[in-house]
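Before any comments, here is the structure.
The values are calculated or read from the model by the stated rules, or taken from the named source; none is laboratory data. Being a predicted model, the structure only gives us computed values, none of them experimental. Please note: Cβ atoms are built from the backbone with ideal geometry, for glycine as well, and neighbour counts cover all protein chains shown.
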Amino acid sequence: MKYMLLICDDETRSPSTEEMDADPVHQAWEADLARRGAEVFGARLRPTASATTVRFRNGETLVSDGPFAETKDFVGGVVVVDCADLDEAIAIAAGHPYAQWGSVEIRPVWE
């Protein structure tokens with residue numbers, strides 16, 4: 001079954017890509033994904049300041065800069081994993097470094 005991991009963090013604490021690449025905990029997590037053969041797709045997202053929100057209401061397209069909600073937590077990246085079951089997805093999510101200070105939301109993918 002495929003699961004989307006939404007990697008959530010406080011944007012003010014988010015490490016740089018270089019810091020993540022050098023982090024042994026993050027390297028170990030990526031090695032675990034490779035060992036399991038679980039990663040389908042993963043991408044880090046740019047900060048919320050670069051976001052654009054689109055809504056369509058009453059026949060009109062409304063476009064605004066940034067996210068809709070004012071919050072410190074944001075989705076900083078996504079990873080799609082192919083797992084045997086939810087328990088394996090939970091084990092993968094628990095190993096992500098951001099789970100130590102942010103959160104990792106797991107959602108099943110419609111197939």
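Summed over the range 82-94, the residues that are assigned to a helix (DSSP H, G or I) and surrounded by fewer than 16 Cβ atoms within 10 Å (Cβ to Cβ) give a count of 5.
Scanning the range 31-47 for any residue that is of a type outside the set (Lys, Arg), touching a residue at least 60 places away in the same chain (Cβ under 8 Å) and not in a strand (DSSP E or B) turns up at least one such residue. Looking across the range 1-24, the residues that are in contact (Cβ under 8 Å) with a residue 24 or more places away in the chain and loosely packed, with under 13 Cβ neighbours inside 10 Å come down to THR12, ARG13, THR17.
Of the residues making up the range 81-105, just one is aliphatic (A, V, I, L, M) and under 9 Å from the mean Cα position of the chain (by Cα), namely VAL104.
Screening SER14 with (1) closer than 17 Å to TYR3 by Cα; (2) of a type outside the set (Val, Ile, Thr); (3) in a loop (DSSP other than H, G, I, E, B) gives one miss only, at (1). Scanning the range 75-94 for any residue that is under 23 Å from ASP9 (Cβ atoms) and modelled with pLDDT under 90 turns up at least one such residue. Among all residues of the range 97-106, there is at least one that is surrounded by 10 or more Cβ atoms within 10 Å (Cβ to Cβ), assigned to a strand (DSSP E or B) and among the aliphatic types (A, V, I, L, M). Evaluated against (1) surrounded by fewer than 14 Cβ atoms within 10 Å (Cβ to Cβ); (2) among the hydrophobic types (A, V, I, L, M, F, W, C); (3) farther than 20 Å from GLY102 by Cα; (4) at pLDDT 90 or above, VAL63 falls short on exactly one condition, (4).
With respect to the conditions (1) modelled with pLDDT of 85 or more; (2) under 19 Å from ARG13 (Cβ atoms); (3) basic (Lys, Arg), LYS72 lacks only one, and its number is (1).
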